[in-house]
Each structure stands twice: as C-alpha cells, then as structure tokens.
Amino acid sequence: MRIVVAPDKFKASVSAEEAAEHIAAGIREAQPDAQVTILPVADGGEGTLDAAVTADYTRHDLTVTGPIGEPVAAAWARLDNTAVVEMSLASGLAALPHDANGEPILAAREATSRGTGEMIAAALDAGCTQVILGVGGSANTDGGAGMLAGLGARLLDEQGNEIPDGGAALAQLASVDVSGLHPGISAAQFILAADVDNPLTGERGAAAVFGPQKGASEQDVSELDAALATFRDVLAEALGDSARDAAEAPGAGAAGGVGYAALAVLDATRRPGIDVVLDLVNLDDAVTGADLLITGEGSLDEQSLGGKTPVGVLKVGQAHGVPVIAVCGRTTLDRKTLEDTGFRATHALSDLAPDPQTSMREAPRLLREVGHTVASELASTLNG
C-alpha cells in the first residue's frame, strides 16, 4: 500500500507539514507496512517556503524591513540557481505587530512591501537567476513600490526627496529613479505565483477588493486607489507605456499591487500558485504508482474550487489515475458538489468534533483518526 499525503495548512490550527505528519501517523497506526510519502504543499501564499524546504531547497534566514518598518526575521530558499521568496514572511499580515488577543494590528495606509524586495535582492546577490515570488497574505497596498525600493529604486516627491513607505504616501510621488535597481534583475527570470486576476486599480483593483481585509476604511480605499493610479502614471513616465499596460494585466492587483511591480519592472510571468508549488515538490513523480492521494485544507468551500490546493492536487491525481481523498476542517460544499468535483471521499474534522473550537484545538488527534480510517478502508478495498 502506497499513499501520498499532500495537504495545505489548516489555518489557525496546524501547518501543512503538521497536518501531513498527523494524517501519516494515523495511516501507520492502521497499516504499519504502508509506504507513506509526505509532501506538504501550499497555493503560493503562506507555507510556500516550507513546501520548498521539504523539496530539498535550502533555507536562508535573514532580517528585513517588516510591513510597518520594523525589522522582522524572514527567510528565502534556494536550490541550484532557483530562489523561492514567500512574501508573507516579510510583508504579510502575520508579520505585523499583534495586539493582546493575538490579532494583527492592521495598517492599510502605511504597510510596505520593502522587505520582500530585500529578500529578492539577497537571492540575486547569491547569484540566483530564477526567482519564484509567492505573494499571498500581504499586509500592504503599495503597488509593490516598497518592493522596488528594497531592490534599489528611489521614489521621489516634487522636491526630490524620497517619500515615506506605504500606499498612501504614493500620492506624493513625482518621479521614480530606477537607475539604482539591482543589476541582477536583468539577468533573472521571475515567476509571480498568484491566483488572483485583478487589475491594479478600479472597482476590481487592489485597494477596492483587498484593502478592507487589510483594515482600509471606505475613505482609505478611495485614497489608496488614487495613490496607486499616481504610482502607475509616474512609473509609466520612467519606463514607458508597458508600465501603464501592466496595470491592467491579470494579477497586477495581487498582494496589494506587488503583482503590478513584478509584471511592470521585473517582467515576471504569472502562474497559478498551486501549479508553481506542485512543480516545486514534484508531486507528479511522487504520485506515480500510488494507491491513494490525500490532500486538504482548513476550509473546503467555493473558493477552493477556484484553484486552491485541494483541487490542484486532485488534478494531479486524476492525471495519474490515482483516487484522491480530501480532508478538511470543515466544508460548506454539499455532497453532490464534492462528488462532481471528483474526490473519492471527503472527511471533515467538524463531523468528528462537537464544535469548531474543539475541531481546531484537537486537529492533531482528529487528523490521526482520519488517517487511521482512510488506511483501514483502503486496506479493505485492496484486499477485497
């Protein structure tokens, strides 16, 4: 019996690696001779670095500028000349200071992506010629201006002074000096791992759609959207019409507009985050010849069907003729939808616990229980 376990994180409960380990433990309890391959995955956001490290990338720790300017501990990963940069570690909501209840103190107007640029610079300094940029979970709405500053660009006001970090300060922008950009950019290939297809500005733009999740009021959204438009116009003056066109490209609005700077200045190629990560961990090879593939995430819902981890893993399993089981904290999808999607079965931890709090708190035990159940059922099928 050979089983591949490839889940995403169960947010606020267990990491992808922890989820995989607990499921695998349950499988081995039921079937000690089972061959279990653990491949924690992600959709390009939080957990992308961990997935890369599991796939033999080497982790490089460093301190960079955090989302509100304070130093934060971050890391990037490398294999040969390819670097993986997870934006959330440097510029994400999780990198913000937290209040007494453990909630991030949001700073929609001031948050910066500068630390992400500093991580990319470190990878380029090390000689990497391909950079995979995973952009989920960002705290900023600065159009990637901070990222460019971290890579050596200067953003100046009418008096020639550098403007403060953050999206709101882009309203003061009069010129962008790109002459100091890291020289390694021109020799590198950049991959933007992003699922969203939003443009930079407008009613589907970075500020309007994602700003409120980062603490932006209605007035903040209006001001941030106008500031992003100013950034677009000024950058187009420095780089030409291609920078203006990039603002309308799918994915420009990703990560508070970091997608825009990546497309306009780094000439990045956008790919769905889950596809990028599944390539990183080489799921295709791991699944070949397997009897079962198990995936999952905290909430299996309509958003999951749009290209999140479980469906991405499902497609790989289907391509190899391997049945796929989904494990989740909860699901809002009805049985028919789940069956139509193609999962052989779905196991929700909420079905095994009396309330959501218990389900999250006792996720390790419940995941082991699911692993035990799945392995027992598979053994019965294979021996039947």
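Throughout, read-outs are computed from the coordinates displayed, never taken from laboratory work. The shown structure was predicted, so the numbers you read here are calculated from the model rather than taken from an experiment. Don't worry about glycine lacking a Cβ; one is built from the backbone with ideal geometry, like all the others, and counts go over all protein chains shown.
The table below gives the values:
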item	result
Cut-off under 5 Å, modelled amide H: who pairs with VAL322 long-range	none
ALA94-ALA249 FRET efficiency (beta carbon distance; Förster radius 25 Å; 0.05 resolution)	0.35
Simple spin-label estimate for GLU302 and VAL209 in nanometres, 7 Å along Cα-Cβ	1.5
Nearest-ten-degree value, helix 309-319 long axis tilted from longest Cα axis of the chain	60
Length gained when the stretch ASP233-ASP157 is fully extended (0.36 nm per residue, less Cα-Cα span)	26.0 nm
Modelled label reach - LEU352, point 7 Å along Cα→Cβ, the range 12-34 residues with backbone N closer than 11 Å	22-27
Sites GLU103 and THR63 - FRET efficiency at Förster radius 30 Å, r taken between beta-carbons, to 0.05	0.80
Shape category assigned to the range 128-168 from the gyration tensor of Cα positions, a/c cut at 1.5	oblate
Dimensions in Å of the range 214-339 - Rg and Dmax from alpha carbons	19.7, 57
Peptides ranked, highest mean first, by Cβ atoms within 10 Å: ranges 164-173, 49-58	164-173, 49-58
FRET E, pair GLN219, THR373, Förster distance 45 Å, beta-carbon r, rounded to 0.05	0.30
The range 56-273: C-alpha gyration tensor shape, a/c 1.5 cut-off, then a/b vs b/c	rounded
Answer label for Rg/Rh (Cα atoms, Kirkwood Rh) (calculated), chosen among (1) 1.08; (2) 1.01; (3) 0.96	(2)
Degrees separating the helix 363-383 axis from the principal Cα axis of the chain, which is the longest one	50
Residues SER138, SER91, SER113, sorted so that the one with the fewest Cβ neighbours within 10 Å comes first	SER138, SER113, SER91
The chain: calculated mean residue ellipticity at 222 nm from DSSP helix runs of at least 4, using -39500 (n - 2.57)	-10500 deg cm²/dmol
